[in-house]
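> Okay, handing you the structure first.
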Amino acid sequence: MGSNVLTETERLIITEFDVSMAECVHLNSLDEDNRNFVPDEVFETVQEAEETIGFLMECYKGTEGPFVYPVLLKNGENIGYVQAVPIGDQWEVGYHIAARYTRNGYASEALEAFLLVIMTRLGIERIWGVCREDNRASRRVLEKCSFALVSCQTGVYHGQEHVVCKYVYAL
Ligand SMILES: CC(C)(COP(=O)(O)OP(=O)(O)OC[C@H]1O[C@@H](n2cnc3c(N)ncnc32)[C@H](O)[C@@H]1OP(=O)(O)O)[C@@H](O)C(=O)NCCC(=O)NCCS
């Protein structure tokens, strides 16, 4: 494994960002599902993606996060990311797989491997998964990765009122 590689699965490499990924990150982020479900993770320009990547690369050096890692196919194609984001003194996972690569099991394959590594690194025994009730694909990913449903309640999510489902994963 290269020095910046976090972990590998049968089909995927989970690694650290570098600035050369800005164009892929910009293009991957423009999906309709991403716009709909996670609008604050859409980068309208390569420059916006570059700035965010710069920030995220700095975050690797600290302990506060967010910790976001690109997901690559073994041929190097950048297909999305997995992340651990602090919420108070707890942590929450997040993920995006670009639309043209979805429904191949990539998000669940990446998340399953990521959970083990990131929870060990952070020294935590549980982590949250939070998504809109109508985000069926995301809920399915959490369920496939053995997250347990804790609640589904109306709340503010990305600035709008939605039914939000909270899941937890415990080692
Ligand atoms: C959610 C997302 C990461 C899923 O990526 P993926 O690589 O397709 O995920 P997987 O293939 O591992 O699993 C998806 C599961 O959802 C199911 N699914 C996909 N779309 C669905 C839909 N509209 N309704 C019901 N199930 C759906 C798939 O069939 C699959 O389940 P299965 O393996 O039992 O058949 C991807 O769609 C995405 O990035 N969406 C936009 C960003 C986002 O919503 N992120 C999460 C925020 S909480």
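Nothing in this text is a laboratory measurement; each read-out follows from the coordinates by a stated rule. All figures in this text were calculated on a predicted structure; none of them were measured in a lab. Don't worry about glycine lacking a Cβ; one is built from the backbone with ideal geometry, like all the others, and counts go over all protein chains shown.
> Taking the Cβ-Cβ separation of residue 23 and residue 163 as r and a Förster radius of 41 Å, what is the calculated FRET efficiency to the nearest 0.05?
It comes out at approximately 0.70.
> Averaging sequence separations of C-alpha pairs under 8 Å and six or more residues apart, then dividing by the length of the chain, give the relative contact order as a whole percent.
The value is 18 percent.
> Identify all aspartates and glutamates with a Cα-Cα distance to residue 166 below 18 Å; exclude those on the same chain that are fewer than 8 residues away in sequence.
Of all the aspartates and glutamates, those that pass the test against residue 166 - Cα under 18 Å, at least 8 places apart if same chain - are 89, 92, 112, 125, 133, 134, 143.
> Excluding residues on the same chain fewer than 8 positions from residue 61, give the lysines whose Cα lies under 25 Å from its Cα.
none
> Taking Rh as the Kirkwood radius, which is the inverse of the mean 1/r over Cα pairs, what is the Rg/Rh value for the stretch 116-169?
Result: Rg/Rh = 1.03.
> Let me ask you something else. Indicate, rounded to the nearest 5 percent, the antiparallel portion of the DSSP beta bridges found entirely in the stretch 80-150.
Of those bridges, close to 80 percent are antiparallel.
> Right, something else. Counting every Cα pair in the stretch 5-125, what percent are over 26 Å apart?
Pairs farther apart than 26 Å: 14 percent.
> Taking a point 7 angstrom from the Cα of residue 48 along the C-beta vector, which residues in the stretch 81-123 have backbone N less than 16 Å away?
Inside the label zone: nothing.
> Still on this structure, I have one more. Extension gain residue 30-residue 74, at 0.36 nm per residue separation less the Cα-Cα distance, in nm?
Fully extending the segment from residue 30 to residue 74 adds 13.6 nm.
> Divide by every residue of the chain the summed helix terms, -39500 (n - 2.57) for each DSSP H run of at least 4, and state the resulting mean residue ellipticity at 222 nm, rounded to the nearest 500 deg cm²/dmol.
Result for the chain: -9500 deg cm²/dmol, rounded to the nearest 500.
> Taking the Cβ of residue 140 as the centre, find all other residues whose Cβ is under 14 Å away and add up their charges (Lys, Arg: +1; Asp, Glu: -1).
Residues close to residue 140 contribute a combined charge of -1.
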